[in-house]
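Trainee: Below is the structure I would like to discuss, written out as structure tokens.
Every read-out reported here was derived from the displayed coordinates using simple, explicitly stated rules and does not represent laboratory data. On a predicted model such as this, the values are computed, not experimentally measured, just so you know. Cβ sites come from the backbone with ideal geometry, for glycine too, and all protein chains shown count toward neighbours.
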Amino acid sequence: MILPDFKAFPRVGRIIGLDWGARRTGVAVSDASREFVFTRPAILTPRGDTSWARRVAELAVAENAVGIVIGMPVHADGTPSEICDDIRANAAQVCTYVDLPVCFIEENLTSVAAQESMGKVRRADIKQRLDSEAARVILENAIAVMRRG
């Protein structure tokens, strides 16, 4: 089920954080206490592959997650980016495979923050790790919002 905000989101338990991309989706997972967030390998989606939602659902089950947070990219002026409709459609598909709450959190410049936190790394490593590092930033921001609210 897609929630409009974090008010009804579970307060304890592991959460999956996603930085959706048409070709590569970054993945991060919190521990049950939500004190720590760990990156996982990105979900790669070859052209024409329609199994993204099923793979996210399988990941959520394997990680014993109680919910999923997906970054919703916004422009600097706060308006939704062009891919928001794709993200919503994919999130709805996830809900057909697993009965977990899904919530969106606005995000912009998470890839920049993720790259800065990675420090000095080889260019090839940036491509492999950046999306999941961005998912880590998204998930940490969502956890902070939940704690405030």
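Trainee: Report the dimensions of the chain along its three principal axes from the alpha-carbon atoms, largest first, rounded to Å.
Mentor: That gives 39, 38, 34 Å along the principal axes, largest extent first.
Trainee: Right, next: How big is segment 1-67 along each principal axis, measuring the range of its Cα positions in Å and listing the largest first?
Mentor: 37, 25, 18
Trainee: Arg55: net charge of surrounding residues, Cβ under 13 Å, Lys/Arg +1, Asp/Glu -1, itself excluded? Walk me through the numbers on the way to the answer.
Mentor: Working: positive: Arg24, Arg40, Arg54; negative: Asp49, Glu58, Glu63.
Neighbour charge sum, excluding Arg55 itself: 0.
Trainee: Could you list Glu82, Glu58 so that the one with the fewest beta carbons within 10 Å of its beta carbon is first and the one with the most is last? Spell out each step's value before the answer.
Mentor: Details: Glu82 8, Glu58 13.
Ordered by Cβ neighbours within 10 Å, fewest first: Glu82, Glu58.
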